[in-house]
Structure formats: structure tokens, C-alpha cells
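What follows is a set of notes on a single structure, which appears directly below.
No lab work stands behind these numbers, since they all come straight from the coordinates. None of the values given here were measured: they were computed from a predicted structure. A quick note on method: Cβ atoms are made from the backbone with ideal geometry, for glycine too, and the neighbour counts reach across all protein chains shown.
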Amino acid sequence: MKKITTLIIFMFVMASALTIALPAVNAQADFGFNYAENLELGNADPRDAAVSLIKVIMTFLGLIAVVVILIGGFKWLTSGGSEDKIGEAKQMIIAGVIGLIIILAAWAITAFVVNQMATVVT
């Protein structure tokens, strides 16, 4: 019975709050149709947006590769001379360096393609 009473009181409070707030909502003439008007999304060139996105992704991937290299170095430092742990650390460092090389190559290819597209368009 106590749960039902609590539920009824809660519903009464919510109904009261809604009836108080509804006239204020209905009085406003703006329904959000012009919400994104000031964001200036239509003024940007899609190619610039794509280049910015690629730069952010490449930066993020580069940071991940550097962190992998650092973790491998930390594992090597804390290996205590164990050949298994040193081998695992070397593999992590090698994987991080290979990943960094791949990321830098992808960045170079992307920069080349974007520059070639820019010269063709203009």
C-alpha cells in the first residue's frame, strides 16, 4: 500500500510540474528549426573537413604507436634480466616501430593525394 501511495504522489508531482511547464514551452515560437544556423557547417569545404579528420586520426594512431614503444621499453626495464620478458619487450618495440612507419607512410600518401587533388581542382 505504501508503494502505491508513493507512486500516486510521484505521479501527482510530475503532472503538476508538467502543467506548470507546458504553457512556457507552448509560448515559444522557435521550435528549433534554426538551431544549427550559427554553426556555419555549410560554409566549410568537405575536402578540408576530410583532411582535418585524417590529421586527427593519424595523430591518434601515432600516439598509440609511441605508447606501445614506451610500454615495450618499460617492460624491458622491469624485466629483471629474464630472456622471455626481454623478448616480449623487443617484440612490442618492434611492433610499435613498424606501426609508426606504417602510419607515417599513410600520412605521406594522404598528403600527396590531397596535394594532387588540390592542384587538379584549382
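Going through region 91-107 one residue at a time, which ones are farther than 13 Å from residue 62 by Cα and loosely packed, with under 14 Cβ neighbours inside 10 Å? Before the answer, list the steps.
Taking region 91-107 and keeping what is farther than 13 Å from residue 62 by Cα, we get 91-94.
Within region 91-107, 91, 94 meet the criteria.
Each row is one residue, and each column tells you yes or no for (1) outside any helix (DSSP H, G or I); (2) in contact with a helix residue (DSSP H, G or I) (Cβ under 9 Å, 6 or more places away or on another chain); (3) surrounded by 14 or more Cβ atoms within 10 Å (Cβ to Cβ).
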| position | (1), (2), (3) |
| --- | --- |
| 47 | no, yes, no |
| 50 | no, yes, no |
| 56 | no, no, no |
| 61 | no, yes, yes |
| 68 | no, yes, yes |
| 75 | no, yes, yes |
| 88 | no, yes, yes |
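Report, by residue number, each residue of region 53-96 that is in contact (Cβ under 8 Å) with a residue 40 or more places away in the chain and either farther than 19 Å from residue 110 by Cα or of a type outside the set (Val, Ile, Thr) (or both).
Pass one, region 53-96, residues in contact (Cβ under 8 Å) with a residue 40 or more places away in the chain: 54, 58, 61-62.
Within region 53-96, 58, 61, 62 meet the criteria.
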